[in-house]
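Shown next, in structure tokens, is the structure this report addresses.
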Amino acid sequence: MATPPTKQSGFDIDLGNQCSATAYNWAKRTFQNRDGKAGELSRDLEGGFSNLMIFGEQRLGIGSDGIGTKVELAERTKIYHTLGFDLLAMVVDDLIASGFVPTSVSNILDVDVLDHDTVDQLMRGLHDAANFCQVAVTGGEIAELGSRIGGWGDEGMHFNWCSTAIGVLHPSLEKPISGRTVKVGDKILAIKSRGFRSNGFSAIRRSMQAKFGDNWHEQSDEQTGKSWGETLLSPSLICAPAIVKCLDAGVVPKGIAHITGGGLADNLRRVLKHSGLGALMNDLFAPHHSMTQLQEWGELSNEQAYLYWNMGHAMIAILDNDQIEKAQSVLSDTDYETKVIGHIIAEKSIHLHVPDSTDVLTLNY
């Protein structure tokens with residue numbers, strides 16, 4: 001995939017990856033502190049979004065994330081109860097991508113000033129999301145930080161929201177799912193997203209600002225009958241229950257990619273880096289109307305759009321050919337929409353065939 005001008009969105013993805021790698025390199029130097037002790041860490045998932053901690057016979061995973069600038073949509077619309085799904089999706093879907101079944105979550109809410117109704121809506125949404133994926137909210141903190149926290153508009157509570165989730169390795173697994181056993185010909189099964197997940201909102205705001213100006217969230221989205229603020233605030237689909245259901249039924253993915261920042265190609269690359277293989281994805285889900293519309297308004301190329309956004313894909317799993325039908329059958333009585341979008345290839349590159357286009361985007365690595 002040719003390198004797009006990543007700073008155009010307001011976020012430098014290359015610099016972000018560099019800083020993340022530096023942070024992780026410092027962090028992994030601390031792993032030795034637990035060697036031979038309770039909480040010893042496995043190196044199987046080195047560089048991933050979660051890791052395996054060993055407590056006797058128990059295998060635990062832990063992951064942390066936040067919802068970023070999607071908060072601004074809530075501040076603009078005064079709709080707060082959907083953000084709990086975004087907060088949990090970012091951490092529990094990272095855990096299940098390695099085979100950890102999420103069990104509990106703790107959260108930190110940093111605010112400028114407190115507003116009880118806003119906190120009530122946020123926590124009600126977190127409650128609903130936790131019930132959806134069967135996790136317990138076991139801890140948290142609300143910190144009043146005054147002018148250290150900024151946001152959109154002069155009124156209301158401005159905030160940042162982050163969480164940490166813990167999970168247990170699914171009992172059918174001896175080791176975390178890492179992508180190490182992927183082979184040529186394995187199929188790639190995708191779960192369709194509900195819309196934008198909790199990433200890529202710098203590019204979204206830039207596109208909307210260019211089209212409508214400062215109050216873009218009030219403009220009507222003719223296709224949905226809602227305001228654009230409401231459309232873009234659609235809560236993230238939490239995929240963890242779908243993968244748990246598959247694992248319970250004996251369907252074991254060889255690799256799973258949670259599609260967030262970096263889009264399909266970069267997140268799949270993280271899974272395939274251990275195998276030295278690549279992927280051809282030539283039957284992708286069509287992007288949601290909001291994505292193609294914002295791509296047009298923001299004058300984003302297909303390369304940029306597929307780098308910033310999920311373009312209709314929430315999660316992808318790599319499966320043996322003989323497990324594809326069973327996986328789809330297991331999920332047939334759920335609200336998850338799935339589709340085989342491609343397969344694993346021998347060359348070390350990822351090819352995306354853009355729907356309704358002749359464009360083929362390639363990421364070599």
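Below is a table of values for the structure above.
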{"quantity": "Some residue of segment 192-204 being touching a helix residue (DSSP H, G or I) at 6+ places or on another chain (Cβ under 7 Å), in the same structural domain as I345 (by TED's automatic domain parsing) and basic (K, R)", "calculated": "yes"}
{"quantity": "Test: residue in segment 151-174 that is part of a helix (DSSP H, G or I), of a type outside the set (V, I, T) and exposed (fewer than 13 other Cβ atoms within 10 Å of the Cβ)", "calculated": "no"}
{"quantity": "Residue tally, condition crowded, with 21+ Cβ neighbours inside 10 Å and either outside any helix (DSSP H, G or I) or outside the structural domain of I191 (by TED's automatic domain parsing) (or both), over segment 323-332", "calculated": "1"}
{"quantity": "When residues of segment 64-119 are limited to those that are in a loop (DSSP other than H, G, I, E, B) and among the β-branched types (V, I, T), the one nearest to the chain's Cα centre (by Cα)", "calculated": "I67"}
{"quantity": "Residue in segment 160-180 that is of a type in the set (S, T, N, Q) and closer than 17 Å to M311 by Cα present", "calculated": "no"}
{"quantity": "Subset of segment 116-133 (residues that are surrounded by fewer than 17 Cβ atoms within 10 Å (Cβ to Cβ) and in contact with a Gly (Cβ under 8 Å, 6 or more places away or on another chain))", "calculated": "R124, H127, D128"}
{"quantity": "Filtered residues of segment 333-365 (kept if small (G, A, S) and surrounded by fewer than 16 Cβ atoms within 10 Å (Cβ to Cβ))", "calculated": "A346, S357"}
{"quantity": "So A257, is it buried (at least 23 other Cβ atoms within 10 Å of the Cβ), in the same structural domain as E230 (by TED's automatic domain parsing) and modelled with pLDDT of 95 or more", "calculated": "yes"}
{"quantity": "Residue within segment 122-139 that is at pLDDT below 95 and part of a strand (DSSP E or B) present", "calculated": "yes"}
{"quantity": "Pairs with Cβ under 6 Å, 6+ apart, first in segment 172-189 and touching a residue at least 60 places away in the same chain (Cβ under 8 Å), second of a type in the set (S, T, Y) and in a loop (DSSP other than H, G, I, E, B)", "calculated": "P176/S98; I177/S98; G179/S275; V182/S275"}
{"quantity": "Test: residue in segment 63-79 that is crowded, with 18+ Cβ neighbours inside 10 Å and modelled with pLDDT under 85", "calculated": "no"}
{"quantity": "Conditions (1) assigned to a loop (DSSP other than H, G, I, E, B); (2) more than 16 Å from the chain's Cα centre (by Cα); (3) in contact (Cβ under 8 Å) with a residue 60 or more places away in the chain; number of the one not met by S207", "calculated": "(1)"}
{"quantity": "Some residue of segment 14-26 being aliphatic (A, V, I, L, M) and surrounded by 13 or more Cβ atoms within 10 Å (Cβ to Cβ)", "calculated": "no"}
{"quantity": "Of all residues making up segment 213-236, the number that are closer than 22 Å to N310 by Cβ, of a type in the set (S, T, Y) and surrounded by fewer than 17 Cβ atoms within 10 Å (Cβ to Cβ)", "calculated": "1"}
{"quantity": "Check on A314, crowded, with 23+ Cβ neighbours inside 10 Å, in contact with a helix residue (DSSP H, G or I) (Cβ under 7 Å, 6 or more places away or on another chain) and small (G, A, S)", "calculated": "no"}
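Rundown of residues vs (1) of a type in the set (G, A, S); (2) in contact with an Asp or Glu (Cβ under 8 Å, 6 or more places away or on another chain); (3) more than 30 Å from F212 (Cα to Cα); (4) modelled with pLDDT of 95 or more, yes/no style:
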residue: L280; (1), (2), (3), (4): no, no, yes, yes
residue: M291; (1), (2), (3), (4): no, no, no, yes
residue: W309; (1), (2), (3), (4): no, no, no, yes
residue: A346; (1), (2), (3), (4): yes, no, yes, yes
residue: S349; (1), (2), (3), (4): yes, no, yes, yes
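The values are calculated or read from the model by the stated rules, or taken from the named source; none is laboratory data. Treat the numbers as computed from the prediction; the structure is a model and nothing was measured. Cβ atoms come from the backbone with ideal geometry, glycine included; neighbour counts cover every protein chain shown.
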